[in-house]
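The values are calculated or read from the model by the stated rules, or taken from the named source; none is laboratory data. Only a predicted model underlies this, so the values are computations on that prediction, with no experimental measurement involved. Don't worry about glycine lacking a Cβ; one is built from the backbone with ideal geometry, like all the others, and counts go over all protein chains shown. The accessibility values were calculated without ligands, DNA or RNA, using every heavy atom of the protein model including side chains. Shrake-Rupley method; radii C 1.70, N 1.55, O 1.52, S 1.80 Å.
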Amino acid sequence: QVQLVESGGGLVQAGGSLRLSCAASGRFSSIGAMGWYRQAPGKRRELVATITRGANTDYKDSVKGRFTVSRDNAKNTVYLQMNSLTPEDTAVYYCAASYLGFDYWGQGTQVTVSS
C-alpha cells in the first residue's frame, strides 16, 4: 500500500512560480514511475509530467520549458517546479505513483494562477 501526500499548492500571480512536492509513505520496497496530473473545473484529468525511477521524464507539450519534474528516490518524493505560470495552469494537481502494477493517487493540491 502506498500513500501519497502533496504539498506546495496555492495562489500565485501570472508569471510566478510554485513548487509542488509529493511524498510517498507506506509498506513498499521501491516505487516505479511517479508523476503529476491536473484537473481544471469542467475538464478531464490530464497528464502534466512523469518521471521514471531512472529519471527519464515526459511532459505535456504546453508545460515544456516551464515545468520541471524531479524525484528523490531516497526520500520517495517527487517534485514539480512550475515557472512562468499562466491562468490556464489553474487546476487541482494530483500526484501519482506506480507500484507492483497498481496506480496510487494523492488527494490533490489546488493551484490557482491569477491574471
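Results, tabulated for the structure shown:
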item	result
Close pairs from region 19-32: first in contact (Cβ under 8 Å) with a residue 12 or more places away in the chain, partner crowded, with 20+ Cβ neighbours inside 10 Å and in a loop (DSSP other than H, G, I, E, B), Cβ under 7 Å, at least 6 apart	C22/G106; A24/I31
Exclusive hit being open to solvent by 60 Å² or more (accessible area, probe 1.4 Å) and either modelled with pLDDT of 95 or more or among the hydroxyl-bearing types (S, T, Y) (or both), set R71, R53, R45	R45
Test: S30 is under 11 Å from the mean Cα position of the chain (by Cα) and either at pLDDT below 95 or open to solvent by less than 40 Å² (accessible area, probe 1.4 Å) (or both)	no
